[in-house]
Amino acid sequence: MTCILAIESSCDETAAAICVDGKILSNVIASQAVHEKYGGVVPELASRAHMENIVPVVDQSIKVAAALYKQSPITLQTIDAIAFTQAPGLIGSLLVGAQFAKSLSLSLEKPLIAVHHMQAHVLANLIPDEHPTYPFLCLTVSGGHTQIVLANSALDLQVIGETIDDAAGEAFDKTAKLLGLPYPGGPLIDRYAQLGNPTQFKFAEPQVPDLNFSFSGLKTSVLYFLQKQSTDFIEENRNDLCASIQHAIIQILLKKLKKAVAQTGVKQVCIAGGVSANSGLRKGIQEMGTKHGWKTFVPPFDFCTDNAAMIAITGYYKYLAGNFTDLTINPSARAEW
Ligand code: KG4
Ligand code: ZN
C-alpha cells in the first residue's frame with residue numbers, strides 16, 4: 001500500500017487529500033470567503049487564512065480517509081510521503097503549504113514530493129475510474145492559465161499551446177466585472193448564460209497563430225460595445241450578454257483544441273482547471289467529441305477547481321517514479337515546466 005498526504009495552498013483554497021494506491025480517499029477544502037468583499041484574492045489575507053486552516057484541514061483529510069479505509073490504519077505516522085504544491089501561485093500562500101509539508105517531512109522522516117499545480121490540474125483527469133490513456137490532450141483553463149497540454153505519460157507533459165495575455169478564467173471574471181457582477185464572475189456568467197441566447201451579440205475574434213490563445217481583445221471588444229449602449233442595457237440584456245460572452249470564450253477554446261487534435265493526431269481529449277466547471281464548455285467539448293470522433297473526458301467538479309486530490313494523484317505517480325525532493329526546496333510564484 002502506498003499512501004500519499006497532499007497539501008495544496010497556491011491561491012485561496014487550503015486543501016488536503018489522502019490517496020492510497022492511486023485512489024482518492026479524502027479531499028478536504030477550506031475556501032476563503034474573506035476575499036469576496038475586495039473583488040479579488042488579497043494575497044496577505046490568503047496567507048493568514050492558510051495559516052489558520054492548514055492544521056484542521058490536514059487533520060480532517062486523515063480522519064476521513066481513516067474512516068473509509070478498513071484494511072489498515074491511516075495516520076500521520078503511516079503515510080508514505082508528503083506531496084505539496086511547489087509552484088506556481090501566490091508566494092505567501094505557497095510558503096504556508098510548503099513550510100508545513102517540509103516540517104511534516106522532517107519530523108515524521110517521510111519523503112517529500114514537490115508538485116507543479118498546472119501538471120496536477122491535468123492529472124486530475126486520472127482520478128476517475130474511467131480515465132484517458134496516453135497519449136491524451138488536455139485543455140487546462142483556470143483563473144491564471146490557459147494551456148493545451150500533450151500528455152505522453154504522467155510525468156511527460158508538454159505544453160503545446162498557451163495564452164499570450166489573459167487566461168480564460170480572467171476573460172470570464174473581467175467581462176463579468178464589466179457587467180457589474182461580483183468576483184469571481186465566471187460561475188455567474190455560466191448561470192445567466194443558461195437563460196440567454198449565445199448568438200445575440202458578436203464580439204471580436206482573436207487572430208493568434210499556432211495553438212496559442214488571446215483573450216484581452218474580447219474584454220476590450222465587450223467594453224467598447226457596452227460603452228455605446230444605454231444605461232439600462234445591461235440590466236435588460238444580462239442573460240443574452242452572458243450567453244454571448246460565454247459562447248465567444250468557448251469558441252476560442254474549442255477552435256484551438258480542434259487544431260491541436262488535427263496537428264497531433266491524438267483523439268483523447270480532456271479538460272481541467274476552474275473554467276472546466278463551465279456548463280457550456282463541458283457540453284461543447286462533448287459535442288465536439290461526438291462530431292469529430294474524439295473520446296472526451298470531463299472530470300467531476302470537485303477535481304476541476306483547486307483541490308488537493310489532484311496534488312495527491314500527481315504525488316502518487318512521482319512517488320512510483322522515485323521523484324522526491326529535499327528540504328532545501330522553496331516554492332516559486334512562477335515556474336516553467
Ligand atoms: O483553477 P481555479 O479554481 O483557480 C486557479 O488556479 O486559477 O480557477 C478559477 C477560475 C476563476 O476565473 C473562475 O471564475 C473560473 O475558474 N470558473 C468558472 C466557472 N467556475 C469557475 N468560469 C466559468 N464558468 C464556471 N462555471
Ligand atoms: Zn488551479
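The values are calculated or read from the model by the stated rules, or taken from the named source; none is laboratory data. Not measured: the values here are computed from a predicted model. Positions of Cβ are backbone-derived with ideal geometry, glycine not excepted, and every protein chain shown enters the neighbour counts. Just so you know, the surface numbers come from the protein's heavy atoms only, side chains and all, with ligands and any DNA or RNA stripped out. Shrake-Rupley method; radii C 1.70, N 1.55, O 1.52, S 1.80 Å.
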Quick one: in the stretch 1-24, of everything that is of a type in the set (A, V, I, L, M) and either without any contact (Cβ under 8 Å) to a residue 40 or more places away in the chain or open to solvent by 30 Å² or more (accessible area, probe 1.4 Å) (or both), which residue is farthest from ALA309 (Cα to Cα)? MET1
Among the residues of the stretch 205-213, are any at negative phi, open to solvent by 30 Å² or more (accessible area, probe 1.4 Å) and among the aromatic types (Phe, Trp, Tyr)? no
Return the residue satisfying two criteria in turn: it lies in the stretch 321-336 and is loosely packed, with under 13 Cβ neighbours inside 10 Å and away from ligand 1 (no atom under 16 Å from the Cβ), and of such residues it is farthest from ASP80 (Cα to Cα). GLU336
If only one of GLN246, GLN251 is open to solvent by less than 40 Å² (accessible area, probe 1.4 Å), of a type in the set (S, T, N, Q) and under 19 Å from GLY273 (Cα atoms), which one is it? GLN246
Among the residues of the stretch 44-62, are any touching a strand residue (DSSP E or B) at 6+ places or on another chain (Cβ under 8 Å) and within 16 Å of ligand 1 (Cβ to nearest atom)? yes
Where residues in the stretch 158-186 are within 16 Å of ligand 2 (Cβ to nearest atom) and out of contact with any helix residue (DSSP H, G or I) (no Cβ under 7 Å at 6 or more places or on another chain), which of them is least open to solvent (accessible area, probe 1.4 Å)? ALA167
Taking the stretch 273-318 only, how many residues are open to solvent by 60 Å² or more (accessible area, probe 1.4 Å) and either more than 16 Å from ligand 2 (Cβ to nearest atom) or over 19 Å from MET118 (Cα atoms) (or both)? 7
Suppose we keep only residues that are free of Cβ contacts under 8 Å to residues at least 24 places away in the same chain and either closer than 30 Å to GLU336 by Cα or out of contact with any helix residue (DSSP H, G or I) (no Cβ under 8 Å at 6 or more places or on another chain) (or both) within the stretch 64-104. Which one would you say is least open to solvent (accessible area, probe 1.4 Å)? ALA66
Inspect all residues belonging to the stretch 292-309 and state whether any of them is of a type in the set (Ser, Thr, Tyr), touching a residue at least 12 places away in the same chain (Cβ under 8 Å) and either part of a helix (DSSP H, G or I) or closer than 21 Å to ASP80 by Cβ (or both). no
What number of residues in the stretch 261-278 are among the hydrophobic types (A, V, I, L, M, F, W, C) and not in a strand (DSSP E or B)? 5
Suppose we filter the stretch 65-104 for residues that are in a helix (DSSP H, G or I) and over 16 Å from ILE329 (Cα atoms); how many remain? 4
